């Protein structure tokens with residue numbers, strides 16, 4: 001252990017505090033003080049729980065164990081817990097140290113996961129002398145700041161792509177070029193969802209890749225946490241839906257209405273939470289992805305959503321959804337512009353990955369060595 005450093009239990013350097021704020025109870029309240037939830041800012045209210053900065057940990061539900069720091073004169077929803085470092089321990093340093101623990105590993109509960117301070121409070125962290133805490137925080141803040149700036153660049157490029165789309169084509173609600181408007185059923189030869197049965201999963205060596213809605217983000221398929229199903233089940237499922245290059249995968253539930261282009265010849269299968277859309281001849285698939293991911297299209301999906309608990313798009317509603325259909329040449333021109341933007345995005349994503357590797361290495365050095 002480094003000279004002057006100590007090993008401390010979390011409960012010995014922090015205090016906890018709870019929140020009783022329910023989101024549905026503050027809907028009609030307005031004010032100047034922010035309330036935060038697991039996904040970030042919720043709304044402003046006319047009161048606050050904490051008058052100094054603090055750490056918040058998601059203790060229930062999705063994102064359990066996630067850690068953030070929050071400003072003074074603010075509050076957290078009841079699904080989060082306040083963590084308050086004691087004197088002599090820098091708030092930001094404690095937050096980084098807690099992140100190194102992976103608090104989600106302390107979760108329990110099959111339906112709604114939750115964590116308890118009494119459990120992770122027994123965990124130990126390396127505590128540096130106060131001047132060293134300040135130096136470490138400055139270094140980690142610098143690296144994480146670079147990552148956030150690069151992520152912001154990705155958002156700006158996404159906004160640029162949507163701006164180009166609108167300038168070239170308008171929208172279903174603002175068709176200033178009098179372009180053709182048609183339902184998705186006219187554009188795609190196949191609109192079919194994946195298997196409705198919950199499959200048995202196997203390891204990578206003994207199975208075929210199996211995608212669900214969680215693997216689809218706007219414009220891109222995330223292959224990093226793919227599950228695998230047995231080969232015999234794959235043969236059965238492929239008779240129903242056999243995805244191939246230039247198909248489009250559309251999320252039917254969860255983050256419904258988001259779609260991604262299949263840009264691989266690799267064999268895989270899909271769950272019922274995804275719909276496969278296969279374009280007719282005469283359409284540029286990359287254009288169609290942006291037309292479907294357009295905010296105006298999302299509004300149409302919002303109006304046709306079914307389900308009280310988990311929102312769900314039915315195939316019939318998907319087929320009736322309208323998009324704007326420009327001439328083939330204009331679709332092609334748009335796709336070429338988008339390819340330039342996507343190449344820039346790939347460079348930024350690679351840079352983010354490299355910077356995250358650096359960040360994780362420094363975290364490992366300071367808190368696990």
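The values are calculated or read from the model by the stated rules, or taken from the named source; none is laboratory data. Just so it is clear, the model here is predicted, and its values are computed rather than measured. Glycine gets a Cβ as well: all are built from the backbone with ideal geometry, and neighbour counts include every protein chain shown.
Miscellaneous remarks
- Residue within region 104-116 that is surrounded by fewer than 21 Cβ atoms within 10 Å (Cβ to Cβ), without any contact (Cβ under 8 Å) to a residue 40 or more places away in the chain and assigned to a strand (DSSP E or B) present: yes
- Candidates 205, 209, 227, 214, filtered to the one that is in contact (Cβ under 8 Å) with a residue 60 or more places away in the chain and out of contact with any helix residue (DSSP H, G or I) (no Cβ under 7 Å at 6 or more places or on another chain): 209
- Taken together, 157, 126 contain a single residue that is on the phi < 0 side of the Ramachandran plot, surrounded by 12 or more Cβ atoms within 10 Å (Cβ to Cβ) and part of a helix (DSSP H, G or I), which is 157.
- Residue 60 being over 30 Å from residue 350 (Cβ atoms) and in contact with a helix residue (DSSP H, G or I) (Cβ under 6 Å, 6 or more places away or on another chain): no
- Residue satisfying all of: in region 171-189; within 28 Å of the chain's Cα centre (by Cα) and outside any helix (DSSP H, G or I); modelled with the highest pLDDT among these: 188
- Matching helices (runs of 4 or more DSSP H) fully within region 289-369 where at least 2 residues are touching a residue at least 40 places away in the same chain (Cβ under 8 Å) and over 20 Å from residue 218 (Cα atoms): 328-367
- Scanning region 140-178 for residues that are free of Cβ contacts under 8 Å to residues at least 40 places away in the same chain and either under 28 Å from residue 365 (Cβ atoms) or in contact with a strand residue (DSSP E or B) (Cβ under 8 Å, 6 or more places away or on another chain) (or both) yields 142, 145, 148, 149, 152.
- Annotation note: of 249, 288, 315, the sole residue that is closer than 23 Å to residue 195 by Cβ, crowded, with 16+ Cβ neighbours inside 10 Å and in the same structural domain as residue 199 (by TED's automatic domain parsing) is 249.
- Checked across region 52-75, the condition of being assigned to a helix (DSSP H, G or I), surrounded by 13 or more Cβ atoms within 10 Å (Cβ to Cβ) and at pLDDT 95 or above holds for no residue.
- Residue list for region 1-27, restricted to those being free of Cβ contacts under 8 Å to residues at least 60 places away in the same chain, outside any helix (DSSP H, G or I) and under 28 Å from the mean Cα position of the chain (by Cα): 20, 21, 22, 26, 27
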